[in-house]
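Notes follow once the structure below has been shown.
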Amino acid sequence: TTIFTSNSDDAVVGLRLANILTTAVTVSIFVSEGGSTTRYLVKDLSIPPASSVELIQGGAKVVLQSGDVLKGIAGTASSIDVWCSVVDQIST
């Protein structure tokens with residue numbers, strides 16, 4: 001599932017994943033660079049039931065270039081809510 005598509009040099013400054021089920025869920029979050037290269041932020045992370053994890057926090061950031069796509073996949077459909085905070089056009 002696509003979480004965010006960069007249309008310029010953008011910074012992801014927050015990324016929280018919440019498991020909304022009563023069972024553990026495995027999730028992977030990655031960036032597709034130009035549609036050809038995959039770079040994982042996390043791969044096969046198990047999130048306990050009714051819990052959340054914040055992948056980007058505390059002043060950290062992930063910079064995406066135009067055309068990069070932030071994506072996620074969960075082991076169970078409709079199991080994860082995602083909150084993504086982005087700063088648009090960090091440079092020109």
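The values are calculated or read from the model by the stated rules, or taken from the named source; none is laboratory data. Small disclaimer: the values here were computed from a predicted structure and weren't measured. In this analysis, Cβ positions are derived from the backbone assuming ideal geometry, glycine residues included, and neighbour counts consider all displayed protein chains. Areas reflect the complete protein model, heavy atoms only, side chains present, ligands, DNA and RNA absent. Shrake-Rupley method; radii C 1.70, N 1.55, O 1.52, S 1.80 Å.
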Look at Ile47 and say whether it is surrounded by 12 or more Cβ atoms within 10 Å (Cβ to Cβ), under 12 Å from the mean Cα position of the chain (by Cα) and under 12 Å from Ala18 (Cα atoms). no
Does region 67-76 include one or more residues that are of a type outside the set (Val, Ile, Thr), modelled with pLDDT of 95 or more and farther than 18 Å from Val12 by Cα? yes
Return yes when Thr37 is at pLDDT below 95, surrounded by fewer than 14 Cβ atoms within 10 Å (Cβ to Cβ) and more than 14 Å from the chain's Cα centre (by Cα) and no when it is not. yes
Output for region 60-82, where each listed residue is open to solvent by 70 Å² or more (accessible area, probe 1.4 Å) and farther than 20 Å from Thr23 by Cα: Lys61, Val63, Gln65, Ser66
Out of all the residues in region 20-34, which are farther than 29 Å from Gln89 by Cβ and open to solvent by 30 Å² or more (accessible area, probe 1.4 Å)? Ile20, Leu21, Thr22, Thr23, Ala24, Thr26
Working only within region 1-14, note down all residues that are open to solvent by 50 Å² or more (accessible area, probe 1.4 Å), assigned to a strand (DSSP E or B) and under 13 Å from Gln65 (Cα atoms). Thr5, Asp9
For region 79-89, indicate whether the set of residues that are part of a loop (DSSP other than H, G, I, E, B), over 10 Å from the mean Cα position of the chain (by Cα) and modelled with pLDDT under 95 is non-empty. no
Could you check Leu17 against (1) loosely packed, with under 14 Cβ neighbours inside 10 Å; (2) assigned to a strand (DSSP E or B) and say which number it fails? (1)
